[in-house]
Every structure is written in C-alpha cells, then in structure tokens.
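See structure below.
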Amino acid sequence: MQHSSSTNAYDFAALSLTDLMEAREYYHLHLLNKKNVVATAVGLYRIRKEEPWPTKKDPHPDTSKFKKIPRTLGNSEVRPYSWPAILVFVEKMEQAEDLVGKEPSDLIPKAFYLPNGKAVPVCVVQAEKVTQTDNTIDVKKLRFPTNVISGGFPLLVNSQNQQRVASFGCLVTDGHTTYALTNRHVVGKPGSLISTLYGNAEQVVGVSADANLQLGKVPFHDAYPWMQDCKTYVNADVGLVEVNDLNQWKTTVLGLGQMEPLYDLNAMTFTLKLINQPVAAYSGITSQVLEGEIQALFYRFKSVNGLDYVSDFLVGPRTAGVPSSRADNQKRLTMSYGDSGSVLCIESSDGTAKTYHPLGLIWGMHEFIEGTDRSAQPYILASSLSTACRMLDLDIVRGWNLDLVDTWGEVGHFKVGGTACDLVSSTKLLKLLKANRDNIGYTDDALIKGNYVPGDEKGFVPLADVADVDWRNTRPNDSSNHFADIDETNDGVFNGETLLDLSLADDSNISLDFWLEYDNKFDQVDPNFKTDKKTGKKKLYPRRGALPFRVWQMYKQMVLSLKGFVSGDNKDGLLEFIVAGGTMSHYVGDACQPLHISYLHHGRNDSEYNVHSDYETTFVAKKAEPIFNAVSKYTKKVKTTELIDAKGLSAAKLVLKLMKRTITTLPPMTVLQSWLDHKGRGKWDGMWDDLGDDTGKVIADGSHTMAVLWQSAWKAGGGDKIALSKLKALDQTALQAKYKDKNFVPSYTMDQTDLYKSVL
C-alpha cells in the first residue's frame, strides 16, 4: 500500500496525542477493512534512513525516488523534524497505482480528517510478522541468584506438567506486604508456587498474590481517564508474587543497578515526546541489557469482535539518530520470550553516568521480518507501570538491602583481583595489568559506593568474578574448585592430621590421588550430611574441595599461553594470559577467605548456615571502606625473590601457604564466634571490632599472592620480550568469548580424575 500523495509536515506539528487517538478511533472500522492492515499505533512520522536530510542550502530535498521503497521499522527512523502521525502497519506494501487499478477502496489516504476539521497524517509501515517463533529456553544456561534475588533474575513456574520461565521485575508494596512484580500470565491463579534456582537448587520464593492484585485487560478509559473513551482495552498483564523471605531480596535490577523514582505518566507527561526515548531492561534469558527506544504508543496488536487491544509501548532497536544509511545505524534488540516480567526503564545520562526510571512492564513481543536477509527482529510490548501502581495502589520499593551484593564475596573478589594488578614490580607487566584493570575488577570507589553491576550492558563480567557470575551457571563442575576443607581433623583419618599440614609437609601429597584418598577416608568415618533446601531431607555430600589444583591448572595455562605468544605460535596467547590470570584471581580470593577453606564454611549445623554469606558477603560489603583502608596498610610490592618457577605444583603450594596464613591470622572459629556474639542492631559494627583489621590483612595477603603468581607466570613465559605497543587494554568482546569457551581452562571435579590430571 502507499499514500495517494505526499504530505506537508509543517501542517501537523501542533497535533496532540489526544488528536491522534481520536482520529484512530473515528476511523477504526475504516482501517479494519483495508487490505493487508495488521496493526496501528500512534507516534511520529517515520522517514527512510536513506532519504536526504534537509539542509540550509536545500531545505526541501527531493525524495521522490524513495517513494517506491517499502518503509519498515528497520529502514526508517524518527527525525527531529518528524510530525505527529497515525502509524498503519501492513503485511505487504503495495503501490498506489496498483491499488487504484484493482481495488481503490484499499488505498490508504494520506490523512484522516476529524469533525473539527483537523487533518491527521498517516504513515504506512510494512511489518511482515513472524507467525511462529521458537520459545524454548535452556534453563541450564541461565544465570540464577547465588546470594540475593533482584530484578532481572529468572523465575520458574510449573503449570500443566510444564516448567515455564519468566523474569522478576522489581519489588513493590501496598504499605503492608512486599511483592515481586511480574506478569499476570506468568504467575497464574492465586496461590501458585513461584520458584527460582537458588544455591543450585530449585527453591520456592513466593506465591501468586490474590486476584485483586492482578491486572489483565483494562478498559482504556479506566487506564487513561483523561483521554477520550474508546472501544479499546489496554493489556496491562500485571501479576504479583508475595515473597516468602524479604531478606533474600534487594531492590536493584541486574545490569542497571539502583532504579530512580517511577517515571510518572499523567495527562501532562504522557505525550508524543516519549517517542524515541531511550529505554533499557535486563534480559534474564540472554544475561544482557536490552537497549531500545520507544517507537510507537498504544500499539493495536489485536482486534476481536469489534474491540481493540493495545500495548502502551512498542519498543524497538535504538537508532543512531544521524543522517546515515549504514548498517550499523541500528543496534539489534535481542529479546526472548522468557523476558516477560522485566521492568522497562527510561534511560537518562548526564554524560558521565546513566540513570534508570522505571516506566513499563514487558509482557510480550512481536517479531517482524526485516532487511535483505529477512531476519526476525523482535519488538518489545510493554504496559505502563504508572497505570499499574495507580490501579493497584502500589509503590515501587527502592531502598531495601542495597548493600547486599549479588554473589558471595563479590566485593572481596573484585578487590583481590584489582589490587593484585597494582602490586607487580615488573615494569612491562604493570603496564599491561593497569591497562586491563577494569577488565579484571572494579575500582575501590565503585565497590565502596556500590556503583557497579556484575556485568555491563554487553554482558561482560570483569574477570575476577567470572567463576561465580558465569561459570557457576554454565560450568556446574566448577563448584568444587572454589573451596577446600583443609582444617578438618579426625583421629581415624591420617592420625588426626589436617589435609593442609600433610600437603605442606610433603609435596607428593599435593596430588589428586592423595586428596581423594584423604576425602574418601573422611567420608567413611564422618559422612557429611546436609539438608537439601528443595526436599528438606538430609543428603550426603562427599568432600571434594579442589581449590589448589584449579590454581595449578590455570597457572600452567598462563605460562603456556604467554610462551606461545612470545614465540609467535599463538596470536591469542596474550589475551589467554589475561583471561586465565584474571579468572584465577577468583580462586586465590577464595583461598584468603577463612570460611572458604574450612569445614566451618557454613557453621557447625543448619542454624549457623548463614555465617558464610553474612561474613564474606554482607559484612565485607557493608564495611568495604574501612576494610579497604586496612588492606592498604598491609599491601606490598612483589620482590623478585618471591617468584616461583613455571610448575603448576609450585603455584598450588604457594596457595596452600596462603591458606595456612589465612586461618592463622583469622581462624574460622573466631569468625563464627563473632557472628554468634553479635545479633540485631550493631551487628556489623561489633563484627568489625572483632574481625575488621584481620579481614583487611588476609585480603592484602591474597592480593599479594595473586601478584606473585602474575609476575612468576610473566617471567616463566618470557613476557618481557613483548613490545610495549602490545601492552594495552584488550577488547572485552574477545575476552568474553574466551572465558565463555568451555574448552579453555575447562572445569573438572576431582572424581573426574583422569580428565583433571590431563590439565595439570
């Protein structure tokens, strides 16, 4: 289809959103009977990206040669001089002259006229919709919470013997009860159990709230009483989960951080100025920030029995907003069906930092075929959060548990990884690590203020916490590499000697065979039973902590990769060196935390289970600034006399010595007793008095040990032979591709003995 003639943009600049809605309603049946019309919306006139922009010399450039090119959402854009218009989406664009010869009544006019004489222009957009989409989701590839739940994490619902996946949006409250916001079509009937994977086990975290706390399809006038009534329903699709334990939650959104106040839409603010506004949401399915822009309002996606159903917002990919027809003028939007329930935020920036005001709730998507390759591009459908909060009498919760972090020991891991970069004494290595410091960890200021998220808008995770944020979900075999119970004793096991003392006494005991023998004997005389959170039953957990061997493996890879780069045999060797070392810093960070290397890691019984997360996560995060000050007192540069040889065994032994110093400086029982002694108000201050300075000391020790490993591998691999020009910040996309490669420093358990030995 095509317009019968061109329009003059300047005739329509004064039209309001209300004018557009009135015109669409007035011509509702007229549009329904047009050939190929599949949807309508209101917004601003879209101009093909290839069309020339007006200039001072040529304010009205000739665009006639573009008239026969079908306008699509992908090949068009809203420009600063675009004018208000009704968008009419057609399955197939046909030329005006063809329609005149076949069926003149199918011709879409250039404008609709209201009874008051106002002319409302029409913009025809070809939008060939994908009718069938693969909506299968591999749960094993998703990132689930390990310590605290927040917006963006996936939720699980079991219905009709099927497990369905969606997303948590944010926390809301009616003043008495706090709920997790998601979609009505997700939560199902009241009382339905809502769960997530928490601590590697499915755990019920809440139930679907009462029916009066849900919104489905809302009469348009109820949602927008200041607009003209029409035969239209708004698809609000709002459902609430009454959470079981509020202490498990915090009010940030993954990838976006802390949200600003609700973006309030009312008669004064719900205007066409929303078009082209940048918006963002977090995809719990792709683990990426979805960056888009509002492309239309009140998108009519369905008509049944004479009634229209609309989505408040139609969101598509962001365009660069420059006069260019280049392919990179638009970023793809990679939404998935499991992103239903995510909060959509208006994104603002002052040039230095981005802020996010919650605007809408994602409930679905439409995919349109675009481009010469006829690829499917998803477009987000979202409803207004202002409407939902008003109609359900809810407020968004913004200040709960903000100082909790998303993974165990996150602050400590980033601190160890970042500080180690500053402690090497090799000039060339120092240059390389400082250039890549942001790729490895965060600055002290960001960690203290909480101005960071585990992964940025590209999904990149700084290397020091990849082992928790990424590998715990994508490499389940890696879990046992994060710990080692090296202080446990039993008279029936090697005469009551600890695994740590036996290993440090004889290098031959630093072997997978010996550690397995030790663990198996311990499991026989003192089997380790724990309560399964999902079933509530006791379950046997064999001892299999392999932390020193993981460091052994990764140190060996660092040396091998660097040698290959220096010799010219491995062009990616320097990148591999950084990825192997940066990710290895996580395990070294585990080795300097007393509860990661002790049989007391979760206390002595179920009632003491939370000591681990309370100390290593919450305490360290809440007291980050004074702890970092303590770290500064104890950090020191690496001396060449401290360097080890190229053998992985030497790296494992170095880490075992770090473990010994850690539990000597800060005995695990001391941590547990302090946690038991301080409850309620003043808990963290009391623990600081008991543990603060020593916590700084062991973190400094871990940072120094990591720096020794960096510099030792650098020397063993011949790093000083590398030209200074190559010692620069590495591309995050390449770094991410490498750490997501499961064949690079592959993760094994000690029970996979032959495989593990093959990489040592």
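The values are calculated or read from the model by the stated rules, or taken from the named source; none is laboratory data. Computed from a predicted structure; not experimentally measured. Counting neighbours? That spans all protein chains shown, and the Cβs are built from the backbone with ideal geometry, glycine included.
Observations, loosely collected:
Listed here are the residues, each with its yes/no results for (1) in contact with a helix residue (DSSP H, G or I) (Cβ under 9 Å, 6 or more places away or on another chain); (2) at pLDDT 85 or above.
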residue	(1), (2)
113	yes, yes
121	yes, yes
137	yes, no
145	yes, no
150	no, yes
158	no, yes
165	yes, yes
168	no, yes
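- Annotation note: Cβ proximity below 7 Å between a residue of the stretch 548-575 that is more than 30 Å from residue 483 (Cβ to Cβ) and crowded, with 23+ Cβ neighbours inside 10 Å and a residue that is of a type in the set (Ser, Thr, Tyr) and at pLDDT 95 or above (sequence gap 6+ or interchain) occurs for no pair.
Listed here are the residues, each with its yes/no results for (1) in the same structural domain as residue 467 (by TED's automatic domain parsing); (2) more than 17 Å from residue 702 (Cβ to Cβ); (3) among the hydroxyl-bearing types (Ser, Thr, Tyr).
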position	(1), (2), (3)
539	no, yes, no
550	yes, no, no
556	yes, yes, no
560	yes, yes, no
577	yes, yes, no
581	yes, no, no
587	yes, no, yes
590	yes, no, no
595	yes, no, no
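- Single residue of 606, 677, 645 found to be surrounded by fewer than 16 Cβ atoms within 10 Å (Cβ to Cβ) and touching a strand residue (DSSP E or B) at 6+ places or on another chain (Cβ under 7 Å): 606
- Taken across the stretch 445-459, residues that are over 24 Å from residue 140 (Cβ atoms), at pLDDT 80 or above and more than 18 Å from the chain's Cα centre (by Cα) do occur, with at least one present.
- Tally, over the stretch 661-691, of residues that are under 17 Å from residue 634 (Cβ atoms), in contact (Cβ under 8 Å) with a residue 60 or more places away in the chain and either out of contact with any helix residue (DSSP H, G or I) (no Cβ under 6 Å at 6 or more places or on another chain) or outside the structural domain of residue 613 (by TED's automatic domain parsing) (or both): 1
- The set of residues in the stretch 462-514 being more than 17 Å from residue 591 (Cβ to Cβ), outside any helix (DSSP H, G or I) and of a type outside the set (Ser, Thr, Tyr) consists of 462, 470, 475, 490, 491, 492, 493, 497, 506.
- Applying the set (1) surrounded by 19 or more Cβ atoms within 10 Å (Cβ to Cβ); (2) out of contact with any helix residue (DSSP H, G or I) (no Cβ under 7 Å at 6 or more places or on another chain) to residue 60 leaves exactly one unmet item: (1).
- Taken together, 130, 125, 139, 204 contain a single residue that is crowded, with 17+ Cβ neighbours inside 10 Å, touching a strand residue (DSSP E or B) at 6+ places or on another chain (Cβ under 8 Å) and not small (Gly, Ala, Ser), which is 125.
- All conditions but one from (1) loosely packed, with under 13 Cβ neighbours inside 10 Å; (2) under 17 Å from residue 299 (Cβ atoms); (3) not basic (Lys, Arg) apply to residue 55; the one that does not is (2).
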